[in-house]
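To start, the structure under review is shown below, and the notes come after it.
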Amino acid sequence: MSNFIFYDFETSSSNKHWGQIIQVGAILTNDNLEELDRYEARCRLSPGIIPEAMALIVNKSSPKMLKEANLSHYEMIRQFVETLKRWGTATYIGFNSIEFDEEFLRSTLFQTLEYPYLTSTNGNTRGDVLTLARAANLYYPNTLKNSINPKGNAVYKLDQMAPLNGIEHGDAHSAIGDVIATLGVAKIISKKAPNVWKSSLLTLDKTQSLELIKNELYFCTNEYFYGKSRPYIQSFVCQHPQYQWPLCFDLKHDPNTFLNMPVKELASAMKKNPKFLRTVRHNKHPIIMNPSHGNEFDEYKIIGSEKLKARAKLVNNNKEFAGKISLIKQEEAEEKEQSKSQEDTYNEESIYTKFTSTEDNKIMPEFHSVDWDKKQSILSKFKDERLKYFGKKLTYTEKPELLTKSEYNLIHKDTARRLLSTNNEKWNTITRTYSEIDTLRDKFQREGHPEKLVFLDEINAYVEELEKIYSSV
């Protein structure tokens, strides 16, 4: 078994394409979850980034920290990447990391001329402790202690879970503090719900996960929505013709109702609730359990294991049904593609529109290995115009004096135009941040949080500084 890398980021914004990682925390462990090494760093906010006020309040990053940290953003990311390479092949784990931290990391690596898929290629795999925690409490209640919200649902927030479960993790919402808490939660699950932990190790790799789903006659997995985890005993039907996700039949339904339906009638039935067809996103670390675990829940217990098995065989053996499902999903995907927005995609958000070529990927290490005065000639070797664009932007933030006057003015004016925009942009603007500050000020005054009001004033003054700089362009 490979080592684990538990990691977390604090960011200037929740927007993965336009925000910035401002703090990194990571702990390397062996397969017994014993710490081997750790990395933590904070960086300055790059030119052209306007932070969200609430993000800074949550992660306690003052404007002074954003201006005076020793490392630039590029320097911190380079340091972090080199640390990960030194640590070697591993399984990357965070808390809600597959939906947030990993996406932020991919976007950051893409924009700093590094191969984006570091966590899921070259033998590396990835998992998510949030997914694990929800599954553990579903199949083995009280594995973890949770606070309960006003709706009666368990709260899965690290800053609340850590103290309830006796995890000392220092400063909540610091990157390394959250990593310590995540590791602590993983240790509890591995000890108190070992079957869930072992099952989770089988789906860290998407290829292995897909094979498991396809090869099992039927299995139990869980989904989380409306504040609750829900179990589903399912059987594989087919893969989505475009997205490749496994489409599976929920065995609480009688397959005989659907197997011989004409395509049009079946398509209509697929839109009705409760859904008989469910999507298992095999690349998002699903927890695949033995179907016997589902028998603990009334809706499946009533049916009984023999009938569930018989239903699974009906679904598995009906290739015609799988073909009809595939056809319907293909038509849906084509319709969705046609109705897609025709808005231009900015370079910053284009990571999934086109993969970087093998040739360009080989040039990336060369760019990072040379001094800044030599990086400009390396940029000209890239075939992908997006990479040239990011390279110029990196030069603008790190060594602007190396740009020609026209190159500098082009980037500087474009940055000012974006930040000073009064439109509802995809990125954070100065106007939007002022509005956010006003809203938060009213909220904190009502709730009596004088310390947060002081913090807001500091953020407001910082944004005013930035506004002055860019208004003079």
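The values are calculated or read from the model by the stated rules, or taken from the named source; none is laboratory data. Source: prediction; values computed, not measured. Heads up, the Cβs are rebuilt from the backbone with ideal geometry, glycines too, and the neighbour counts pull from every protein chain shown.
A single member of ARG417, ARG441, ARG446, ARG386 is buried (at least 18 other Cβ atoms within 10 Å of the Cβ) and either acidic (Asp, Glu) or at pLDDT 95 or above (or both), and it is ARG386. Taking each residue of region 243-263 that is not assigned by TED's automatic domain parsing to the domain that holds LEU212 and looking for partners that are surrounded by fewer than 21 Cβ atoms within 10 Å (Cβ to Cβ) and aromatic (Phe, Trp, Tyr) with beta-carbon atoms closer than 8 Å, six or more apart or interchain, yields nothing. Going residue by residue through region 116-133, is there one that turns out to be within 18 Å of the chain's Cα centre (by Cα), charged (D, E, K, R) and not assigned by TED's automatic domain parsing to the domain that holds GLU458? Checked against the condition, which is being within 18 Å of the chain's Cα centre (by Cα), charged (D, E, K, R) and not assigned by TED's automatic domain parsing to the domain that holds GLU458, region 116-133 yields at least one hit.
Could you look through region 329-362, keep only residues that are among the hydroxyl-bearing types (Ser, Thr, Tyr) and without any contact (Cβ under 8 Å) to a residue 60 or more places away in the chain, and pick out the one that is surrounded by the most Cβ atoms within 10 Å (Cβ to Cβ)?
Among them, the one singled out is SER350.
For region 210-229, the tally of residues that are on the phi < 0 side of the Ramachandran plot and either in contact with a Cys (Cβ under 6 Å, 6 or more places away or on another chain) or touching a residue at least 60 places away in the same chain (Cβ under 8 Å) (or both) stands at 13. Among helices (runs of 4 or more DSSP H) entirely within region 40-88, having at least 2 residues that are aromatic (Phe, Trp, Tyr) singles out 73-87.
Only a single criterion out of (1) under 21 Å from PHE390 (Cα atoms); (2) in contact with a Phe, Trp or Tyr (Cβ under 8 Å, 6 or more places away or on another chain); (3) surrounded by fewer than 22 Cβ atoms within 10 Å (Cβ to Cβ) is not satisfied by ARG44, namely (2).
Residues that are over 30 Å from CYS238 (Cα atoms) and aliphatic (A, V, I, L, M) within region 328-386 comprise ILE363, MET364, VAL370, ILE378, LEU379, listed in sequence order. Of the residues making up region 18-39, those that are among the charged types (D, E, K, R) and either part of a strand (DSSP E or B) or at positive phi (or both) are GLU35, ASP37, ARG38.
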